[in-house]
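The values are calculated or read from the model by the stated rules, or taken from the named source; none is laboratory data. Everything quoted here is computed from the prediction, not taken from an experiment. When we count neighbours, we look across all protein chains shown, and the Cβ atoms used for this are built from the backbone with ideal geometry, even at glycine.
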Amino acid sequence: MKSAPPDLPPDQPGGPATPPEDQLPEEAALPAPARLNKRSEEPEDKFLLVALGGSAGSLKAFEQFFRHMPPDSGMAFVVICHLSPTQHSELAAVLRGFTRMDVHEAVDGLRVRPNNVYVIPPDRDMSILHGTLLLFAPTLPPSRRLPIDYFFQSMAKDVRERAVCVICSGMGSDGTIGLKMVMENFGMVMVQAPETAEYDAMPRSALATEFVDYVLPAEQLPAKLLEYVRKPFHARPRRESAESASKPAHALQKIFTLIRAQTGHDFSFYKRNTVFRRIERRMNSHQIREFTHYVRFLRENPAEVEALFKELLIGVTKFFRDREAFDNLQARLLPYLRQKPADSVVRVWAPGCSTGEEAYTLAIGLLECFERVEPYKHLKIQLFATDINVDGIDFARAGLYPESIEADVSPERLARFFTKIDGHYQIKKEVRDVVIFAVHNLIKDPPFTKLDLLVCRNLLIYLSAELQRNIIPVFHYALNPGGLLLLGPSETLTGFQDLFVALDVKWKISRRAEGAATLTRIVTFPFSLARQQVSPAPVAGTMNLSSPRKEGPFATLVQRLLLRQYTPPAVVINAKGEILYVNGRTGRYLEPAPGLGGMNVFEMAREELNYEISGAVHKATTTRAEAVVENVKVKTETGVQLLRVTVKYLDEPEQLAGLLLVVFEEQPTPRKVRLGKTAFGSDLSRDAVVTALEKELQYTKHRLQTTIEEMESSVEELKSTNEELQSANEELQSTNEEAMTNKEEMQSLNEELMTLNMQYLSKTEELSLAANDMKNLLDATEIATIFLDNDMVIKRFTPPVHRIIALLPADVGRPITHFASTLRHESLAQDVRLVLDRLVSVEASIQTTTGEWYAMRILPYRTLDNYISGAVITFTDITDLKTLEAQLQASSRMAEAVVEAVREPLLVLDDHLRVLAISHSFIELFGLPTAGPRGQLLAELNGGTWWQPALRQRLEALLRDPHQTFDDFLLEGDFPNVGGRKLRVYGRCITGDGAPTSKLLLGVQDVTPR
């Protein structure tokens, strides 16, 4: 997932939306500063802003929308359409005929009010800032302008959850990037149903993002919009009171559990504010007000769990987002790359790559950097781009992006790193080969290591502060010494200045600092917030001594405890005597110990208190009860002071369990004691002194005996620990030997893998070359070819297929039965199924509805191992052949008609001396039937009378040499039905366009005496 500025509270109108710097023309007439000052919005200003975007054919959609929208809806409408930059627009005047609301053509500085419609003027880009419309002279050519995206993005930042965008009929993909920004800022997205749009390119492009709330015909959109506005965000329970009201924290944990059970991903690490806003958006789309009801809805509808998961993963990214950041990164990378050894690999990691735009941006930037580094180095790139969204990774691997990227990528880079295919831009192979896309969870999966560059932009802002503190050390660990880290503009390294050195404060470029130990900071990896939330409070021995003393949850708990039970000076310690918290002025009882600084109560206690505190702490720790020592004498500046030292073992609250509270309470001290005149003064008898000394001696003996027992116990424990350490050392030595063996095996396996990798690279190059040869072969033949699998699903096709079936690259993977063709052939699917079932070929000559002719041939698709894996359909254009055949048939028919019409007896024979044409006078002369002679051999005509050797020889001579002729050949014979005849015969070979043919003309003249 990518991008998005930090979320604002739901009752805040949203941050400013500033157009990109490269699109701010100097001649733009800005409104007065007073009109742009940020001001608090009154409740009546919190209306929905509905932006309708459309292109070709959208006027009909606008008409249906506004005719069904009441004039007092309380919403404001902005219409953005692709207009001609050179002609005056009449769109505002046309829309006035569809609605009773006031329709305005936008002017610079016009403030948006509800129940009004605002139309973009021609040749202007429009944005909105603090509810005011701003117009800019376009800086891009008309073919590359995306006015809908431009306005949607500014609207999303300005009004946030009050933004509604509607995509209507149109060509291209304008609005697709903008609707992602609207969704990211918790707005609502509506799309005209593609089947009702005159041009469905824009609606289908919007639907492909999967970030659409409602898909309806244009006339039904107003009703759904009015239903949506009846459940505004401020009508639902506010998050501040939700914790105590309906316990959404528990519901939230249940939602996280449902998502994790279905997708395997844990969102408990994400910022609660962001997660609540995403969930509220889904609840609002289903008109659900209670979190508990939404939990039930999720349990009953697994599809909604998947929809919520995708909602939480909304990634708004584009090529060269924050272009200045990438320019500065290139400047910082150049010195680093020049220090890299020759033929080395530059390793880069881009977690949270979303749909791949930023990963390819990094690859393009690195390739450009390599050109500026010494050519002889031959550096290589290995860029790992990861994300938890499987669909996003699949999209990124394809590397096919819409034409809208023209607004973000310069024409030079488009020409060099992209190939335009069917209205899309395909990343070239040299860029795709250096990027490795993988599904990876930053929270639980091991990081990529030995990196030269790590780019994690606009991902950490979605994660909790605690998780960010855990992830930053992982980034430090993953980078090489001197490696660079690039974060998003809203992300910081606060608290980790010892790990990274800031190189560019504005664009968050840092270099890994050396000498900082990070292994101790990542021992909790993989991170689990759930474990952290339910884990017991740390024991006294594991408290962090460097934790804050004066503020924070720990200090608050201690202060509450003291205020409830004590007010005298006190300290909170652990069992080792380490001071964790100090309350009041304890300088009269504790003082810093000589030597290295420490915070241990046993070392800091004054001499008179050392034994008393030690004994009381020991007693309280062993008995887990309160230990009190009365009348402890402490020397002060004013004399001797009596104290009551109380040590209390803490059982509650849970966070303080196991700690000790030491309280110093001053007791009323007699003047004699304060002046030091007791103990050995004249007022005490000898027995009293002896009694006091015996008491102190007994205490000392008791402490000594306790110390001896503790020491003996410690010695036994040390012996046992020593034995365990020796055993562990032996196990470690054995493990080390196994590790060395495994290392050797891994090295051997690595060499094998490298060899295998080289073989694969060689095979890949061969396959790539073969694929190129095959592509050029298919393109050169210009034969329309379709490859199908066994289920008649399209696997591949050649470009000439477009003339027969309107296929697009995106249609690969769809059944061929879903498409209509121009063929006058209704049984194409049956023919394919026949080939697949019987493994026979099917051939046919088919005409299209446009008059073209194709020779269709369907063959089984056989693999190299003779496995049938589908069918291949080829269409060969035979239109010219059919045209020529028709012309020949027409010429033949015309020739026959001529022969039949002449008054002289004539015969036309083929090369087999078969009658092709015969004149009516010939039929009448020899008494032949009208239709009988045609197709007969000359030898069969008139009972064989014509088959005389002399005539046959002359005819065969004509066939051998078409240039010969014969005239006045006399032929006599007895012809059936007409009797004896004497004939004069002549013969010629028929020529066509000056060239002889295989046809003979035989003329007859009857010279029989009358």
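The figures follow:
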{"read-out": "Qualifying residue in the stretch 796-806 (condition: in the same structural domain as ALA855 (by TED's automatic domain parsing), at pLDDT 85 or above, in contact with a Pro (Cβ under 7 Å, 6 or more places away or on another chain) and β-branched (Val, Ile, Thr))", "value": "no"}
{"read-out": "Residue list for the stretch 447-482, restricted to those being part of a helix (DSSP H, G or I) and without any contact (Cβ under 8 Å) to a residue 60 or more places away in the chain", "value": "LEU460, ALA465, GLN468, ARG469, ASN470, ILE471, ILE472, PRO473, VAL474, PHE475, HIS476, TYR477"}
{"read-out": "Test for PRO1009: is it in a loop (DSSP other than H, G, I, E, B), surrounded by fewer than 18 Cβ atoms within 10 Å (Cβ to Cβ) and touching a residue at least 12 places away in the same chain (Cβ under 8 Å)", "value": "yes"}
{"read-out": "Residue within the stretch 424-437 that is in a strand (DSSP E or B), at pLDDT 90 or above, surrounded by fewer than 16 Cβ atoms within 10 Å (Cβ to Cβ) and among the polar types (S, T, N, Q) present", "value": "no"}
{"read-out": "Condition check for ALA957: assigned by TED's automatic domain parsing to the domain that holds SER998, outside any strand (DSSP E or B) and either at pLDDT 85 or above or under 24 Å from PRO1009 (Cβ atoms) (or both)", "value": "yes"}
{"read-out": "Per-region count, the stretch 881-911, residues within 27 Å of SER921 (Cβ to Cβ), charged (D, E, K, R) and in a helix (DSSP H, G or I)", "value": "3"}
{"read-out": "Residue identified as closer than 26 Å to GLU324 by Cβ, assigned by TED's automatic domain parsing to the domain that holds PRO335 and surrounded by 15 or more Cβ atoms within 10 Å (Cβ to Cβ) among LEU467, LEU485", "value": "LEU485"}
{"read-out": "The stretch 370-398: number of residues that are over 20 Å from LYS450 (Cα atoms), of a type in the set (A, V, I, L, M, F, W, C) and in a helix (DSSP H, G or I)", "value": "5"}
{"read-out": "Pick from the stretch 982-998, criterion part of a strand (DSSP E or B) and either at pLDDT below 85 or outside the structural domain of ARG914 (by TED's automatic domain parsing) (or both), ranking: nearest to ARG914 (Cα to Cα)", "value": "SER998"}
{"read-out": "Top-ranked residue in the stretch 585-641 [being in contact with a Phe, Trp or Tyr (Cβ under 8 Å, 6 or more places away or on another chain) and assigned to a strand (DSSP E or B); ranked as surrounded by the fewest Cβ atoms within 10 Å (Cβ to Cβ)]", "value": "VAL634"}
{"read-out": "Scan of the stretch 960-972 for residues that are touching a helix residue (DSSP H, G or I) at 6+ places or on another chain (Cβ under 8 Å) and outside any loop (DSSP other than H, G, I, E, B), ordered by number", "value": "PHE966, PHE969, LEU971"}
{"read-out": "First in the stretch 84-102 and in contact (Cβ under 8 Å) with a residue 24 or more places away in the chain and assigned by TED's automatic domain parsing to the domain that holds VAL117, second anywhere and in a loop (DSSP other than H, G, I, E, B) and acidic (Asp, Glu), Cβ under 8 Å, 6 or more apart", "value": "PRO85/ASP123; THR86/ASP123"}
{"read-out": "Where ARG296 falls short, out of the listed (1) within 23 Å of LYS180 (Cα to Cα); (2) part of a helix (DSSP H, G or I); (3) modelled with pLDDT of 80 or more", "value": "(1)"}
{"read-out": "Residue count for the stretch 642-657, restricted to those that are more than 60 Å from the chain's Cα centre (by Cα) and surrounded by fewer than 20 Cβ atoms within 10 Å (Cβ to Cβ)", "value": "2"}
{"read-out": "Candidate set: the stretch 912-935, residues that are in a strand (DSSP E or B) and among the β-branched types (Val, Ile, Thr); chosen: the one surrounded by the most Cβ atoms within 10 Å (Cβ to Cβ)", "value": "ILE918"}
{"read-out": "Every pair of residues 6+ apart whose Cβ atoms lie under 9 Å, when the first sits in the stretch 618-630 and is in the same structural domain as VAL663 (by TED's automatic domain parsing) and at negative phi while the second is at pLDDT below 85 and in a loop (DSSP other than H, G, I, E, B)", "value": "THR621/ALA575; GLU630/GLN667"}
{"read-out": "Qualifying residue in the stretch 388-406 (condition: in contact with a helix residue (DSSP H, G or I) (Cβ under 6 Å, 6 or more places away or on another chain) and of a type in the set (A, V, I, L, M))", "value": "no"}
{"read-out": "Selected residue (only one of MET758, MET792, MET754 is over 29 Å from the mean Cα position of the chain (by Cα) and at positive phi)", "value": "MET792"}
{"read-out": "Counted residues, the stretch 857-891 - those being surrounded by 13 or more Cβ atoms within 10 Å (Cβ to Cβ), farther than 19 Å from PRO800 by Cα and either among the polar types (S, T, N, Q) or free of Cβ contacts under 8 Å to residues at least 12 places away in the same chain (or both)", "value": "2"}
{"read-out": "Single residue of the stretch 556-587 satisfying the filter (small (Gly, Ala, Ser) and out of contact with any helix residue (DSSP H, G or I) (no Cβ under 7 Å at 6 or more places or on another chain)) that is modelled with the lowest pLDDT", "value": "GLY584"}
{"read-out": "The stretch 106-122, residues that are assigned to a strand (DSSP E or B) and crowded, with 19+ Cβ neighbours inside 10 Å", "value": "VAL117, TYR118, VAL119"}
{"read-out": "Output for the stretch 846-892, where each listed residue is small (Gly, Ala, Ser) and at pLDDT 90 or above", "value": "ALA855, GLY870, ALA871"}
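For (1) within 20 Å of the chain's Cα centre (by Cα); (2) at pLDDT 85 or above, each residue gets a yes or a no:
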{"residue": "LEU134", "(1), (2)": "no, yes"}
{"residue": "MET155", "(1), (2)": "no, yes"}
{"residue": "VAL164", "(1), (2)": "no, yes"}
{"residue": "GLY178", "(1), (2)": "yes, yes"}
{"residue": "GLU184", "(1), (2)": "yes, no"}
{"residue": "PRO194", "(1), (2)": "no, yes"}
{"residue": "THR209", "(1), (2)": "yes, no"}
{"residue": "LEU225", "(1), (2)": "no, yes"}
